[in-house]
Amino acid sequence: RGFITMDQEHVLLDADYSQIELRIMAHLSGDETLRQAFRDDQDVHTRTAALIFKVDGQEVNADMRRKAKEINFGIMYGMGMYGLSSRLGITTEEAESFIQAYFANYPGVQEYMIRTVYDAREKGYVTTLLNRRRWLPEIGNDNRRIREFAERTAINTPIQGSAADMIKVAMIQIDKKLQKFRSRMILQVHDELILEVRKEELAEVKALVKHEMESALPLDVPIKADMGVGTNWLEAH
């Protein structure tokens, strides 16, 4: 609520990428099940819960979806059974069975992880979709903890780094297009942009921002930017 418009002639426009890192994972891994979930505009956490718990989508409850969400993001950050069991408050055996079920349903994701770590060991670095490079000298370290941290970094960097690439490209294009408007971009927070928009320009600026965000870095799955409007950031979020 502390972030407000400068006067009553303006509103805040909040534009937030929807599950962008999971979409990038789908693109990089080539996993067809994950890609199809996004192409069908399904809730990917509900979809994952249905696959892991072997139920129909309509039977997925809030607790199942919560666990699936932790698994979706945990896998992407290289979380193992100990980390997952701690996050979900379950035994390591249960966590391991969830991870195995995840990979059974999304084999392309597991292949991506194995391939990425192997390539990182061979090259000593990983890259984002726009070829920004992150060196990983620790990937061959004799210390297991140091080495495994580098492996997790190798898996995650192309995903998080590409998401950062995407929003920066979008910001550059939006900034260029806003030159003819009295509205302005005022803040970026991770996958989210906040703009202060003149009310009479709202429809046009909203369409402009959505188009530039969703076309900044084309993927093999649809990109979605959710839009909200309000007189303060909370209201717009």
With x for Gly and Pro, the residue-by-residue ³J(HN,Hα) of segment 183-190, computed from phi through the Karplus equation 6.51 cos²θ - 1.76 cosθ + 1.60 at θ = phi - 60° and given in whole Hz, is 7, 8, 7, 10, 7, 10, 10, 6
Heavy-atom accessible area per residue of the chain, all protein chains kept, 1.4 Å probe, expressed in Å², is 53 Å²
Would you mind listing how long segment 192-237 runs along its three principal axes, going by Cα atoms, in whole Å with the largest first? 36, 21, 11
For the residue pair THR127 and ALA207, what label-to-label distance in nm results when each label sits 7 Å from Cα along the Cα-to-beta-carbon direction? 3.7 nm
Under Karplus coefficients 6.51, -1.76 and 1.60, residue-wise ³J(HN,Hα) of segment 212-217 in Hz, glycine/proline x: 5, 5, 7, 10, 4, 9
Could you give the longest part of the chain that holds none of the trypsin sites (Lys or Arg not before Pro) found in DSSP loops with at most 10 neighbouring Cβ atoms within 10 Å? 55-237
Mean projection area, nm², convex hull over Cα of segment 96-237: 11.3 nm²
From the C-alpha gyration tensor of segment 127-176, square roots of 5λ in Å: 30, 8, 6
On the formula 1/(1 + (r/R0)^6), with r taken between the Cβ atoms of THR33 and ASN141 and R0 of 25 Å, the FRET efficiency rounded to 0.05 is 0.15
Which whole-number percent of Cα pairs in segment 1-110 have a distance greater than 17 Å? 58 percent
State the extension gain, in nm to one decimal, for the chain segment bounded by LEU187 and VAL55, taking 0.36 nm per residue of separation less the distance between their alpha-carbons. 43.4 nm
Are any of the pairs LYS176/LYS199; LYS180/LYS210; LYS123/LYS224; LYS168/LYS210 more than 26 Å apart by Cα-Cα distance, and if so, which? LYS123/LYS224
For THR231 and ALA62 in the same chain, what is the full-extension length gain: residue separation times 0.36 nm, less their Cα-Cα distance, in nm? 57.7 nm
Everything considered on the Cα gyration tensor (a ≥ b ≥ c; rounded for a/c under 1.5, else prolate if a/b is larger than b/c, else oblate), the chain must be described as prolate
Restricting to Cα atoms and excluding each atom paired with itself, what does the Kirkwood estimate give for segment 1-43 in Å? 13.1 Å
Taking every DSSP beta bridge with both residues inside segment 102-237, roughly what % is antiparallel (nearest 5)? 100 percent
About its Cα centre, the chain carries a charge dipole, from +1 on Lys and Arg Cβ atoms and -1 on Asp and Glu Cβ atoms, whose size in debye to the nearest 20 is 600 debye
Can you give the Rg to Rh ratio for segment 158-211, taking only C-alpha atoms and Rh from Kirkwood? 1.00
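The values are calculated or read from the model by the stated rules, or taken from the named source; none is laboratory data. Since the model is a prediction, treat every value here as computed from it, not as a measurement. No Cβ is skipped: glycine too gets one built from the backbone with ideal geometry, and neighbour counts run over all protein chains shown. Keep in mind that these areas ignore ligands, DNA and RNA; they rest on the heavy atoms of the full protein, side chains included. Shrake-Rupley method; radii C 1.70, N 1.55, O 1.52, S 1.80 Å.
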